[in-house]
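Taken together, the values in this text are just the output of simple stated rules run on the coordinates, not laboratory data. This is a predicted model, so every value here is computed, not measured. Methodologically, a virtual Cβ is constructed for each residue, glycine included, from the backbone with ideal geometry; neighbour enumeration extends over all protein chains shown.
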Amino acid sequence: MATTTYPTKAAANDAPVSARSLRRDAGYQAYTLLRIAFTVAPIAFGLDKFFNVMVDWEKYLAPWINRLMPGTGHSFMLLVGVVEITAGLMVALKPRYGAFLVAAWLAGIVVNLLTYSGYYDIALRDFGLLLGALTLGRLAMKYDSAPLRLRR
């Protein structure tokens, strides 16, 4: 059984790929869903670091990390919020880079939670999210526009 793929970048002598054909491409649909999720979630969680509506985020901060960081746990969580909002915006604007930023951030969260007894279930959930962010990054290499180029 033959499968049909819809690459986003057409060869020089091929016809451009239509938006209609992309909408039917399961890979493109997965890319779009992951892009939405990894834009909205980091921004929502980042904003909540300032308001603590969903949870008191400081309770998830491992004591050894709190000791390493200058200031209080609350001030560190505000910085975390800024980083998460930035990562979500990066996914929205340039997912081929933002996805890997989110994955790296999630890896740090997993390490934090694994070193703080009692939060292994959340570490496992965040590991799953990390895999999703890596998947988005791989899909973005196919479906996102050309990489950023430095001007000379």
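Around the Cα centre of segment 21-143, unit charges on the Cβ atoms of Lys, Arg, Asp and Glu (plus for the first two, minus for the last two) sum to a dipole of about 540 debye.
Computing FRET efficiency as 1/(1 + (r/R0)^6) for PHE127 and HIS74, where r is the C-beta to C-beta distance and R0 is 25 Å, gives about 0.40.
Could you quote the convex hull projected area for segment 21-143, Cα atoms only and averaged over all directions, in nm²?
Seen from a random direction, the Cα hull of segment 21-143 projects 7.7 nm² on average.
Extension gain for VAL82-ALA107 works out to 7.3 nm (0.36 nm per residue, less the C-alpha to C-alpha distance). Modelled this way, with points 7 Å down the Cα-to-C-beta line, the labels at LEU114 and LYS59 are 2.4 nm from one another.
Taking 0.36 nm per residue of separation and subtracting the Cα-Cα distance, full extension of the segment from LEU33 to ASN52 would add 4.2 nm.
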